[in-house]
Structure formats: C-alpha cells, structure tokens
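Inspection log for the structure reproduced underneath, given as structure tokens.
The values are calculated or read from the model by the stated rules, or taken from the named source; none is laboratory data. Note that this is a predicted model, so its numbers are computed, not measured. When we count neighbours, we look across all protein chains shown, and the Cβ atoms used for this are built from the backbone with ideal geometry, even at glycine. When the accessible area is computed, the model is the full protein with side chains, heavy atoms only, and any ligands, DNA or RNA have been set aside. Shrake-Rupley method; radii C 1.70, N 1.55, O 1.52, S 1.80 Å.
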Amino acid sequence: MVIDSLQMAAVHEIVGILDETGPLGEVLGVPVLGSDNLLSEMRSNHGVIGFVPAVGDNILRRRLFDAAVSAGLEPVNAIHPTAVISRYATLGRGVALMAGVVLNADCQIGDNVIVNTGATVDHDVRVESDVHIAPGCHISGYVSIGRGTLIGTGSSVKDRVHIGERATIGAGAAVYRDVPNYATVVGSQMRAVEHPES
Ligand SMILES: CC(C)(COP(=O)(O)OP(=O)(O)OC[C@H]1O[C@@H](n2cnc3c(N)ncnc32)[C@H](O)[C@@H]1OP(=O)(O)O)[C@@H](O)C(=O)NCCC(=O)NCCS
C-alpha cells in the first residue's frame, strides 16, 4: 500500500525495499534489495535520501524508524492522492496516509503514524507518534491518542475522549470514555440511558 501511494503520488522515486524476512524479488515492480543490514550503506552506496517505515506493528515500526534515521536517512511521507487533508492539519515525518483518508482542520498527526484506508480524523484531534489508525476508523473532534496506540479496524471514538499511550482498541469498538495507557478495550455497548430530551 505504501508503494502504491508513493507511485500514485509520483513525488519520489522508489529505489527499493529492505525486508528482514522476505525473499529477494520484487513487490509491485519494486526490487527487494536485501535485509536491514543494508540500511547503513543506502545513502553512501545507493544515493538513497529518504525512507518510509512500512509495517503496521507500532513498536517494530518505531524501531525501524530510529534505525533508518540513525543511518542518515530522512523520513518521507507516503500520501495517497485520494487523501483529503485540511490545509490546517499538521503532519509529522514518516507518515502514511492511505486511500480515502480525511484529515480535518487543526488535527495534528505525529511522526511515524499510519492512518489507514478510509479512516477519518476530525477537527482538533491530536495523534502522537507511532500510532496506527486502522481502516475505516472515525476519530471525532478534540480526541487525543497517545504514542504507540492501535485503533482497531472500524472503531469509532467519541469527541473529546483521551486514549492513552500503547493502548489497543479492538476492531469495531465504540470508544465513548477515556482509555488508560497500555489498556486493551473491546466492544460497543448499546444500552438505553436517561437523556434530558427523551
Ligand atoms: C482486541 C484484540 C487486540 C484482542 O486480541 P487477543 O489478545 O489476541 O485476544 P483474543 O483474540 O484471544 O480474544 C480475547 C477475547 O476478546 C474477544 N475479542 C477479541 N477481539 C475483539 C473485538 N475486536 N471486539 C470484541 N471482542 C473481541 C474474544 O472474543 C475473546 O473473548 P472470550 O475471552 O470471551 O472468548 C484483537 O482481537 C483486535 O481486535 N485487534 C485489532 C486488530 C486490527 O484492527 N488490526 C488492524 C490491521 S490494519
């Protein structure tokens, strides 16, 4: 998906992929050059300037991000051309915005964040570094999301909720109150409540 976004945006030339586990070969026409051991020589021997950390796992992505920066490479953003980004949104470095993402006014996206397919991040949301917002999530206004947290596929977060660091929100959750650091929460409780207008 990162390759697809970079190819469609046509801002950067893609030299290759470093993959610790996969065989040599190619992905979507881009050669797999070898393992992460090659990081240190990418700039000097191959003239590579930038990188995009292209794994979903937040802890591993941070490790790769730090290793690539230590090797003298610049984090590049991979932004699919169908992403709609408010001119008042701010983006960190090494950010991946997949197809159909919407970032609304005054939201702040930290370094090394993935906002995945079709997710929306509304006004005044603060997303710290290393967060992954999975496909189809909706993050309402004034929400804050701490460093390294995963918001699972299709989750919705009510406005002004604070989600802590390294938390995991299970796929399909409805998050309507604050979530502490390191917590894993699942589910969507629909129950009748007293409401002044009912
Ligand atoms: C919440 C989650 C982290 C739990 O994973 P896990 O620790 O491996 O837990 P398990 O699959 O063993 O499930 C534990 C319990 O939680 C329930 N559960 C798991 N995921 C759930 C979810 N998303 N919603 C509701 N219940 C869930 C299971 O049914 C099980 O219940 P039980 O103990 O009553 O049988 C995981 O299921 C999840 O939703 N991850 C998000 C994945 C995602 O969106 N990735 C994005 C890819 S781009």
(Q) Can you find, within region 112-143, the residue that is farthest from the ligand (Cβ to nearest atom) among those that are acidic (Asp, Glu) and buried (at least 19 other Cβ atoms within 10 Å of the Cβ)? (A) Asp122
Q) Within region 20-48, can you find the residues that are open to solvent by 50 Å² or more (accessible area, probe 1.4 Å) and acidic (Asp, Glu)? A) Glu20, Glu26, Glu41
Q: Identify all residues within region 58-77 that are within 16 Å of the ligand (Cβ to nearest atom) and open to solvent by less than 90 Å² (accessible area, probe 1.4 Å); write none if there are none.
A: Asn58, Leu60, Arg61
Q. Of the residues that make up region 113-127, is at least one closer than 21 Å to Glu13 by Cβ, in a loop (DSSP other than H, G, I, E, B) and not β-branched (Val, Ile, Thr)?
A. no
Q.
Can you tell me which of (1) within 15 Å of the ligand (Cβ to nearest atom); (2) in contact with a strand residue (DSSP E or B) (Cβ under 6 Å, 6 or more places away or on another chain); (3) open to solvent by less than 30 Å² (accessible area, probe 1.4 Å) is the one Gly148 doesn't meet?
A. (2)
